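Each remark here refers to the structure printed beneath this line.
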Amino acid sequence: MSIFKKAATAFTCLGLAIATPGLTQTIAITGGKVVTNTAQGHVIGGTVLIQDGKILAVGDNVDIPDDALRIDASGKWVTPGLFSPLSQVGLVEVGAEASTNDTSANKSTFSIALDGVDGFNPKAEAIAITKIEGMTRIAVATGAGANIFSGRGFIADTSGALNSITKGKAFVSVQMGERGANIAGGSRPAAWAYLRNALAEARNYRPGREREDALLTGPDALALKPAAEGRMPLLVYVNRASDLMTLVRLKRAQPKLNLVAVGAREGWMVGKELAAANIPAVIQPQDNLPGSFESLGSTMMNAMRLHKAGVMIAIAQIGESFNARLAPQQAGAAVANGLDWDVAFAAITSTPAKIFGLDDQLGTLAKGMTADVVIWDGDPLELMSSPDYVFIGGVDQIMTSRQTKLRDRYMDLSNARDKPFAFR
């Protein structure tokens, strides 16, 4: 339900100023515990003022215009919208139904030239499910296909609007470790040799001067060129400590590369080296079981240890098509295992924004930032907390999904026999 419908319903008890969406340009969220993700810290009883899709002011002494729509957030938490640093939300509707699954293209001639935006469906059911859990931005990546590279990923909002792409062609991802070794020919040396030579090929690529023995097609080389030159993040799926050290050596040899380690289950073993190489990590803190030989050193304290070593960490439910919304649970688990709360919360908000070069727009509550704002009924890293309001670009979002509609439909079955057969 939008804030305008909520305001109309609760006018007597909340005393909200009622206005229509077309006339209301200023919204004041008052009285909450405001998590700014800035040096301002947490503002108790603070106000967030929103105007024309931007944050106009944040603090405990904000002048509120007389015509502003007020939302009383007393006893609640007010935070930036959550930002998933890696997902496949919107690329698949039904995982087992190929016609609705655009996560990878194993038989395609192309790999990096595949643009994930072309497969993105903002109307997918998973978008609304993700949004009502407080996640306003998602980084979406395709999977590896014909070779170790995936197509180009992008950043989108979760509004469900057809124009919801925040940043297209935002990054390239590549599969290393055990899976990359298998794709590249059977060994890790084969995968790393392919990666190094593909990067060199992309940097030197000139249209019309393609080599006959080239590893990449012309379109793939052209698509990889920004990442090869360090103008675009290159997300590298890698878990084993020794593989992470190979990634560090790659960065030392090619310092312009903007590398991001994804997974990094044994990252805590080489945290100092990752920090020195300025390689951030996208991790899933609850990855604590030795499910493969490249993750024997998995631990729930990975996030805390990486942070203490100086590594910039982002937290995700990695690669999820449906459950990217569980990132706050991952962050909460990291807090339970020693990570500072503010660092954990930044890892699902401001840190992903920084990794993708959007930290001047997203991830913090500060003047001039895009008004992605969530009002929670409790600590957002607590399992039982949930959003009361979600704003994306200052626009109040409808807080329903297919699941909530089904829940409401079948909550009371006392009169089910009076309903049409299809209802039952």
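Number of residues in the range 105-116 that are buried (at least 20 other Cβ atoms within 10 Å of the Cβ) and either over 16 Å from F171 (Cα atoms) or under 19 Å from the mean Cα position of the chain (by Cα) (or both) equals 1.
For the range 333-361, which positions are crowded, with 24+ Cβ neighbours inside 10 Å and in contact with a helix residue (DSSP H, G or I) (Cβ under 8 Å, 6 or more places away or on another chain)? Hits for the range 333-361 are A334, L339, A344, F345, A347, I348. Taking into account only those residues within the range 249-292 that are among the charged types (D, E, K, R) and under 12 Å from I318 (Cβ atoms), which is surrounded by the most Cβ atoms within 10 Å (Cβ to Cβ)? Among residues in the range 249-292 that are among the charged types (D, E, K, R) and under 12 Å from I318 (Cβ atoms), the one surrounded by the most Cβ atoms within 10 Å (Cβ to Cβ) is R265. Scanning the range 283-306 for residues being part of a loop (DSSP other than H, G, I, E, B) and either polar (S, T, N, Q) or outside the structural domain of G332 (by TED's automatic domain parsing) (or both) gives a total of 6. Right, S74: in a loop (DSSP other than H, G, I, E, B), surrounded by fewer than 24 Cβ atoms within 10 Å (Cβ to Cβ), in the same structural domain as M399 (by TED's automatic domain parsing) and polar (S, T, N, Q) or not? It is true that S74 is in a loop (DSSP other than H, G, I, E, B), surrounded by fewer than 24 Cβ atoms within 10 Å (Cβ to Cβ), in the same structural domain as M399 (by TED's automatic domain parsing) and polar (S, T, N, Q). Within the option set K131, K169, being at pLDDT 95 or above, closer than 30 Å to N197 by Cα and touching a helix residue (DSSP H, G or I) at 6+ places or on another chain (Cβ under 9 Å) holds for one residue only, K169. You will find that of A200, A228, A223, the residue that is loosely packed, with under 14 Cβ neighbours inside 10 Å and modelled with pLDDT of 95 or more is A200 and no other. Residues that are touching a residue at least 60 places away in the same chain (Cβ under 8 Å), surrounded by 18 or more Cβ atoms within 10 Å (Cβ to Cβ), among the charged types (D, E, K, R) and in the same structural domain as Q40 (by TED's automatic domain parsing): does the range 396-408 have at least one? The answer is yes, given that some residue of the range 396-408 is touching a residue at least 60 places away in the same chain (Cβ under 8 Å), surrounded by 18 or more Cβ atoms within 10 Å (Cβ to Cβ), among the charged types (D, E, K, R) and in the same structural domain as Q40 (by TED's automatic domain parsing).
The set of residues in the range 280-307 being free of Cβ contacts under 8 Å to residues at least 24 places away in the same chain and touching a strand residue (DSSP E or B) at 6+ places or on another chain (Cβ under 7 Å) is empty.
With respect to the stated conditions, G393 fails to be loosely packed, with under 14 Cβ neighbours inside 10 Å, closer than 24 Å to K167 by Cα and not assigned by TED's automatic domain parsing to the domain that holds A331. Of everything in the range 308-325 that's free of Cβ contacts under 8 Å to residues at least 60 places away in the same chain and crowded, with 19+ Cβ neighbours inside 10 Å, which residue is nearest to G95 (Cα to Cα)? Looking at residues that are free of Cβ contacts under 8 Å to residues at least 60 places away in the same chain and crowded, with 19+ Cβ neighbours inside 10 Å, I get I313. Test T79 against the criterion of being buried (at least 23 other Cβ atoms within 10 Å of the Cβ), of a type outside the set (D, E), under 24 Å from Q330 (Cβ atoms) and at pLDDT below 95, and give yes or no. Answer is no for this residue. Residues in the range 238-248 include none that are under 23 Å from A346 (Cα atoms), among the hydroxyl-bearing types (S, T, Y) and modelled with pLDDT of 95 or more.
The values are calculated or read from the model by the stated rules, or taken from the named source; none is laboratory data. Because the structure is a prediction, the values reported are computed rather than measured. Counting neighbours? That spans all protein chains shown, and the Cβs are built from the backbone with ideal geometry, glycine included.
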